[in-house]
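Novice: First the structure, which I've put down as structure tokens, then a few questions once you've had a look.
The values are calculated or read from the model by the stated rules, or taken from the named source; none is laboratory data. Just so you know, these numbers come straight off a predicted model, no measurement behind them. Glycine also receives a Cβ, built like all others from the backbone with ideal geometry; neighbour counts cover every protein chain displayed. Heads up: the accessible areas ignore ligands, DNA and RNA and are worked out on the full protein's heavy atoms, side chains in. Shrake-Rupley method; radii C 1.70, N 1.55, O 1.52, S 1.80 Å.
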Amino acid sequence: MDLTHILLLVVAGFAAGGVNAIAGGGSLITFPTLIATGLPSVDANVTNSVSVFPGYVSSVAGSRADLTGQGDRVKRALVAAVIGSAAGCALLLLTPARAFEVVVPFLVLGAAATLAFQERLRGLVGHPRQMPPRRAAITLQLVVFVGAVYGGYFGAALGVMYVAALALILDEPLKRINALKNVLSATVGFVTLLVFAVFADVEWTAVLVLAPATVAGGYAGAKLARRLPARVLRYVIVTFGTAIGLVLFYRAFLG
């Protein structure tokens, strides 16, 4: 790895950390950057998953004020996040990637559309205040689990998916939902770190370059997200999620 590659990874890591904190999808920056340094795609994927984890942790630190009062909700969601992400890691290591690559663009675009048309969809599924507590709890577990499976497998735009789904089932301001998303993303990232460190070929030199950059970017992005008005934050997430979905669609079908 030469100096050009190192500088490229530092810039990509900082940008990805910030994007993950604000909207999710930073892996779409670091993943192709790792490929550009010469890593095979699978090795780049697992290296990327390990590298962005510290950025998720700093995002949690930056948004911790918006986690006040969500302790019980977080505790209930963590089990589903751990089990789901472990299952996603197993899928990556044990099955062909092509089938999931075909589905991923539609999941990302669907998540962006869900957030964009959140109020209209609430009219169809009901406002969170109208949802019975038991149904709300089960739905939250299901959303967290499915998102974690995806995050363990690939993870790009995991934040977009979580924010879109959680905004439909939780009666909370978007910045508090974003803070919860940061905790869930960090949990998924921790599980992938453990699994891939033991069972996959991680390029640790790249991790040592990327990880500190994602920490700085994640903390700065979380602070910025807290200052953005809800409408602006939603616009940023929808725009970035749509862009990610289109890029993944191109890679899956046209690239």
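Novice: From the helices alone, meaning DSSP H stretches of at least four residues, give me the mean residue ellipticity at 222 nm for the chain, per-run term -39500 (n - 2.57), in deg cm²/dmol to the nearest 500. Intermediate results must be reported in sequence, preceding the final value.
Specialist: Numbers: 11 runs with 210 residues, N = 255.
So the helix-based figure for the chain works out to -28000 deg cm²/dmol.
Novice: Next question, about the same structure. For the range 65-71, in order, what is each residue's ³J(HN,Hα) by Karplus, 6.51 cos²θ - 1.76 cosθ + 1.60 with θ = phi - 60°, in whole Hz (x at glycine and Pro)?
Specialist: 3J(HN,Hα) across the range 65-71, in whole Hz: 4, 8, 8, 4, x, 10, x.
Novice: Can you give the FRET efficiency to the nearest 0.05 for ALA99 and ALA61, using r as the Cβ-Cβ distance and R₀ = 30 Å?
Specialist: Values: r = 37 Å, r/R0 = 1.23.
So, using R0 = 30 Å, E works out to roughly 0.25.
Novice: With only alpha-carbon atoms counted, please give the Rg and Dmax of the range 1-138, in Å.
Specialist: 18.2, 57
Novice: Leaving out ligands, DNA and RNA, and with a 1.4 Å probe, what % of the accessible surface on the chain is carbon or sulfur? Mind showing how you got there, number by number?
Specialist: Numbers: 7980 of 11440 Å².
Here carbon and sulfur together make up 70 percent of the probe-accessible area.
Novice: Okay, next question. Viscosity 1.002 mPa s, temperature 20 °C: what is the translational diffusion coefficient of the range 147-220 from Stokes-Einstein with a Kirkwood Rh over Cα pairs, rounded to a whole number of µm²/s? Numbers along the way, then the final one.
Specialist: Values: Rh = 13.6 Å.
Rounded to a whole number, D works out at 157 µm²/s.
Novice: Right, something else. Principal axis extents for the chain, Cα atoms only, whole Å, descending order, please.
Specialist: 56, 37, 33
Novice: Output the 0 to 90 degree angle, nearest 10, between the alpha-carbon long axis of helix 3-22 and the longest principal axis computed from the alpha carbons of the chain.
Specialist: It is inclined by approximately 10 degrees.
Novice: Using a 1.4 Å probe, how large is the accessible area of GLU101, given in Å² and rounded to the nearest 10?
Specialist: My reading of the accessible area for GLU101 is about 90 Å².
Novice: If each residue of separation counts as 0.36 nm, what is the full-extension length gain between ASP2 and LEU224 once their alpha-carbon separation is subtracted?
Specialist: Values: separation 222, 0.36 × 222 = 79.92 nm, distance 3.25 nm.
Result for the pair: 76.7 nm of gain on full extension.
Novice: I've got another one for you. Give me the one-decimal nm value for the distance between modelled label points at ASP171 and PHE199, 7 Å along each residue's Cα-to-Cβ direction.
Specialist: My value for the distance between the label points is 4.1 nm.
Novice: Still on this model: Which one of GLY26, GLY38, GLY147 has the biggest mean-square fluctuation once the chain is modelled by GNM with Cα springs under 10 Å?
Specialist: Of GLY26, GLY38, GLY147, the Gaussian network model singles out GLY38 as fluctuating most.
Novice: In whole Hz, what ³J(HN,Hα) sequence does the range 102-108 give by Karplus (6.51, -1.76, 1.60; θ = phi - 60°), x for Gly and Pro?
Specialist: Rounded to whole hertz, the list is 6, 7, 3, x, 6, 5, 5.
Novice: Moving on to the next point. Where does helix 174-199 land angle-wise versus the long Cα axis of the chain, in degrees 0 to 90, nearest 10?
Specialist: For helix 174-199, the angle is close to 40 degrees.
Novice: Follow-up. Have a look at PRO133, PRO212, PRO32 and tell me which one the Gaussian network model of the chain (Cα, springs below 10 Å) gives the largest fluctuation.
Specialist: PRO133
Novice: Okay, moving on. For the range 179-255, what is one quarter of the convex hull surface built on the Cα atoms, given in nm²?
Specialist: Working: hull surface 27.7 nm².
Quarter of the Cα hull surface area: 6.9 nm².
Novice: Taking a label point 7 Å from the Cα of VAL42 along the Cα→Cβ vector, which residues of the range 90-115 have an amide N closer than 15 Å to it?
Specialist: So the set is 90-101.
Novice: Of MET1, THR114, PHE190, which is farthest on the positive side of the dipole of the chain, counting Cα position, with +1 on Lys and Arg Cβ, -1 on Asp and Glu Cβ, and the Cα centre as origin?
Specialist: Selected residue: THR114.
Novice: Just reorder LYS75, LYS175 by solvent-accessible area, largest first, 1.4 Å probe, all chains present. Present the calculation step by step, with values, prior to reporting the outcome.
Specialist: Details: LYS75 145, LYS175 90 Å².
Reading off the accessible areas and sorting them downward yields LYS75, LYS175.
Novice: In whole Hz, what ³J(HN,Hα) sequence does the range 203-219 give by Karplus (6.51, -1.76, 1.60; θ = phi - 60°), x for Gly and Pro?
Specialist: 8, 5, 5, 5, 4, 4, 7, 6, 4, x, 5, 5, 4, 4, x, x, 5
Novice: So, one more: Per residue, how much accessible surface does the chain expose to a 1.4 Å probe? Answer in Å², no decimals.
Specialist: Working: 11440 Å² over 255 residues.
Roughly 45 Å² per residue, with all protein chains present.
Novice: Leaving ligands and nucleic acids out of the surface, order PHE154, PHE106 by accessible area at 1.4 Å, largest first. Write down the numbers at each step before the final one.
Specialist: Working: PHE154 35, PHE106 115 Å².
From most accessible down to least: PHE106, PHE154.
Novice: With a 1.4 Å probe and all protein chains in place, put PHE14, PHE240 in order of accessible area, largest first.
Specialist: Details: PHE14 105, PHE240 60 Å².
Largest accessible area first, the residues go PHE14, PHE240.
Novice: Take every Cα pair under 8 Å in the chain that's 6+ residues apart, average their separations, divide by the length, and report that relative contact order as a whole percent.
Specialist: Relative CO of the chain lands at 43 percent.
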